[in-house]
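What follows is a single structure, written as structure tokens, with notes after it.
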Amino acid sequence: MRKFNITGKIILAQHYFVDLTPQIAKLMALVEEGSYFVVNRPRQFGKTTALNFLARHLHGTEAYLPILISFEGYGNKPELSSAEFYGVFWEKFLLYLQAKSVVYDWQPSAKPEDVSDFGFQKNVRAFCKAAVGKKIVLLIDEIDSIPETAVIGFLRALREMFLDRDLLPTFHAVALAGVHDIKNLKARVREESQTLGTASPFNIAIDYELPPFSRENIQQYFSQHTGETGQAFDDAVVTRVYEVTNGHPWLVSVLAKLLVEDLVPDRRQKILIGHTEEAIQKLIKSSNSNFDSLYKNARKSGIFPIVLDLLTGARREFNIHSDSIALGVRYGIFAEGNQQLILANLIYAQVLYQHFKEDIGAADVKAIVADNHFEDQNGRLDFRRVFDKFQMFMKSKGAASKHPDFREAFGQLLVLSYLDMLVNGKGWTFKEVQSGEGRIDVICCYKNQKEVVELKLWYGERKYEDGLEQLARYLESENLSCGYLVVFDRRENAPKDYAFSEHEVAGKKIQAWVV
């Protein structure tokens with residue numbers, strides 16, 4: 001029986017997979033044109049799977065012979081010399097041919113003078129000449145992992161062969177898969193004397209970005225499990241998985257694996273939306289290399305302050321010409337939504353918030369939680385008491401919380417930390433950032449109690465009224481009668497300073513605090 005796979009390449013007989021026919025068709029068009037191109041996407045976004053599917057397709061043709069080589073793990077060998085790199089390259093090259101039972105009367109020259117950039121070209125041309133009747137397509141996975149000591153000469157050699165392709169035999173097409181594009185690969189090089197020049201082979205080709213999974217892709221992906229086991233997914237499950245992942249392949253696969261292997265192993269039981277929310281919380285609380293990479297990249301200078309802004313719903317234009325934004329997109333942290341900059345998906349928004357809350361003094365609110373009881377006589381959280389105490393805490397900070405250096409982001413992240421501490425062990429919170437609206441909607445579940453809290457920045461009376469109406473609509477969608485609004489007003493001498501008010505909007509009761 002096949003499974004959902006979250007590590008390594010997809011093996012068709014062992015794993016469920018999304019139909020990549022449209023993507024392979026586009027990649028094949030590039031191959032047929034004789035393009036040298038880069039497949040760009042963040043880590044664990046399906047690049048390896050796409051290259052393997054492309055190689056499999058090429059093997060099924062008469063005209064092409066693909067050579068697929070991966071340099072995964074070689075980023076940990078920064079001192080690998082150029083000669084050592086080419087030795088590894090040809091070893092992997094020959095092993096791939098052997099695995100595919102391809103035999104030619106040819107061996108790469110191992111003479112010292114031929115284990116070099118120029119020797120690499122000689123060997124490539126000799127092989128392509130020997131491979132009569134076949135167009136050779138070089139596919140390299142994890143191009144980013146080739147050490148800096150070798151990558152520049154390697155790309156320069158590819159460029160020279162590309163420019164002479166009408167005179168001498170060489171690769172018909174080349175595809176490099178990695179996180180970075182060639183511009184950013186060049187930025188990795190520390191020595192100013194090393195350069196690709198302005199005429200890289202990849203500035204006359206294109207970057208190809210693998211698309212995320214669509215809702216239809218996820219439906220088709222999950223239906224394979226249903227077809228083989230009989231276990232069905234409720235339609236709401238597919239919709240929710242798409243909403244929180246934005247189609248990120250690895251996140252989709254992890255949630256699927258959690259659902260069918262950990263949470264609902266009984267194949268007679270239908271997978272419902274409640275199981276999905278549980279899987280989401282389990283993923284958010286997990287430790288894995290994908291999140292580790294996300295944290296590391298989100299802390300890079302230039303990216304970090306943008307992440308904090310987006311976590312609180314601040315409005316930022318999507319400007320791909322900004323180096324920080326472009327790099328954040330490349331790392332899979334940022335995306336575009338309605339011409340605005342947004343965090344790539346809701347799962348990443350949750351884990352980034354959890355990771356960064358310690359950076360903004362969240363420990364300060366622990367004393368409030370420790371010294372107060374917030375349950376009513378029925379064991380439910382009393383949100384009037386909860387936010388009265390938080391308002392007093394913010395007031396105790398006095399002028400410091402009104403100072404320009406006190407970022408708006410910090411106040412909102414503090415209240416999110418506060419809610420997390422309150423429900424710890426007895427429930428969970430889920431934050432939905434409304435990008436560009438200065439607003440966060442928080443679903444707070446405590447035991448069997450479910451509440452909605454909206455966090456908003458003060459943008460004037462009209463926006464305040466809009467916020468009440470937005471919250472009322474959200475309460476209607478969640479089938480709740482009461483909700484809570486916390487507004488952060490960082491203006492000096494704010495007229496609504498530390499106010500509390502109660503409202504009834506569209507039949508919904510709303511309690512509101514301004515802090």
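Specify the residue that is nearest to Asp164 (Cα to Cα); the eligible residues are those in the stretch 19-50 that are out of contact with any helix residue (DSSP H, G or I) (no Cβ under 9 Å at 6 or more places or on another chain) and crowded, with 18+ Cβ neighbours inside 10 Å.
Among them, the one singled out is Leu30.
Which of the residues belonging to the stretch 65-92 are modelled with pLDDT of 80 or more and not in a helix (DSSP H, G or I)?
Leu65, Pro66, Ile67, Leu68, Ile69, Ser70, Phe71, Glu72, Gly73, Leu80, Ser81
Please go through the stretch 118-136 and give me each residue that is in contact with a strand residue (DSSP E or B) (Cβ under 7 Å, 6 or more places away or on another chain) and surrounded by fewer than 18 Cβ atoms within 10 Å (Cβ to Cβ), ordered by number.
Ala131, Lys134
Residues in the stretch 106-117 that are exposed (fewer than 13 other Cβ atoms within 10 Å of the Cβ) and farther than 20 Å from Leu68 by Cα: how many?
The number of residues fulfilling the criteria is 4.
Tell me, which residue of the stretch 397-414 that is modelled with pLDDT under 65 and among the aliphatic types (A, V, I, L, M) is farthest from the chain's Cα centre (by Cα)?
If we take residues in the stretch 397-414 being modelled with pLDDT under 65 and among the aliphatic types (A, V, I, L, M), then Ala399 is farthest from the chain's Cα centre (by Cα).
Is it the case that the stretch 53-62 has a residue that's closer than 19 Å to Asp144 by Cα and at pLDDT below 95?
The answer is no, given that none of the residues of the stretch 53-62 is closer than 19 Å to Asp144 by Cα and at pLDDT below 95.
Here's the yes/no breakdown for (1) among the hydroxyl-bearing types (Ser, Thr, Tyr); (2) more than 30 Å from Pro211 (Cβ to Cβ):
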| position | (1), (2) |
| --- | --- |
| Gln44 | no, no |
| Phe53 | no, no |
| Leu68 | no, no |
| Ser101 | yes, yes |
| Lys134 | no, yes |
| Ile143 | no, no |
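Exactly one condition in (1) at pLDDT below 95; (2) surrounded by fewer than 18 Cβ atoms within 10 Å (Cβ to Cβ); (3) in contact with a Gly (Cβ under 9 Å, 6 or more places away or on another chain) is not met by Arg215; state its number.
The single condition Arg215 does not satisfy is (1).
Identify the residue in the stretch 415-467 that is part of a loop (DSSP other than H, G, I, E, B) and within 27 Å of the chain's Cα centre (by Cα) and, among all such residues, is modelled with the highest pLDDT.
The qualifying residue modelled with the highest pLDDT is Asn424.
Taking the condition closer than 16 Å to Ile6 by Cα and under 20 Å from the mean Cα position of the chain (by Cα), does Ser287 pass?
Spelling it out, Ser287 is indeed closer than 16 Å to Ile6 by Cα and under 20 Å from the mean Cα position of the chain (by Cα).
Which one is surrounded by the most Cβ atoms within 10 Å (Cβ to Cβ), of the residues in the stretch 137-158 that are of a type outside the set (D, E, K, R) and assigned to a loop (DSSP other than H, G, I, E, B)?
Going through the qualifying residues, I end up with Ile146.
What number of residues in the stretch 14-31 are touching a residue at least 40 places away in the same chain (Cβ under 8 Å) and in contact with a strand residue (DSSP E or B) (Cβ under 9 Å, 6 or more places away or on another chain)?
The number of residues fulfilling the criteria is 6.
Check Phe304 against each of (1) surrounded by 14 or more Cβ atoms within 10 Å (Cβ to Cβ); (2) in contact (Cβ under 8 Å) with a residue 24 or more places away in the chain and name the one condition it does not meet.
(2)
Going by what's in this entry, would Phe334 be described as free of Cβ contacts under 8 Å to residues at least 24 places away in the same chain and in contact with a helix residue (DSSP H, G or I) (Cβ under 7 Å, 6 or more places away or on another chain)?
No; evaluated as a whole, the condition is false for this residue.
State whether one or more residues within the stretch 70-89 are in contact with a Gly (Cβ under 8 Å, 6 or more places away or on another chain), polar (S, T, N, Q), touching a residue at least 60 places away in the same chain (Cβ under 8 Å) and under 26 Å from Asn40 (Cα atoms).
Checked the stretch 70-89: at least one residue is in contact with a Gly (Cβ under 8 Å, 6 or more places away or on another chain), polar (S, T, N, Q), touching a residue at least 60 places away in the same chain (Cβ under 8 Å) and under 26 Å from Asn40 (Cα atoms).
Only one residue in Ala187, Ala205 is assigned to a helix (DSSP H, G or I) and modelled with pLDDT under 55, so which one is that?
Going through Ala187, Ala205 in turn, the sole match is Ala187.
The values are calculated or read from the model by the stated rules, or taken from the named source; none is laboratory data. Everything numeric in this text was worked out from a predicted model, so none of it was measured. Here the Cβ is made from the backbone with ideal geometry for all residues, glycine too, and neighbour counts use every protein chain on show.
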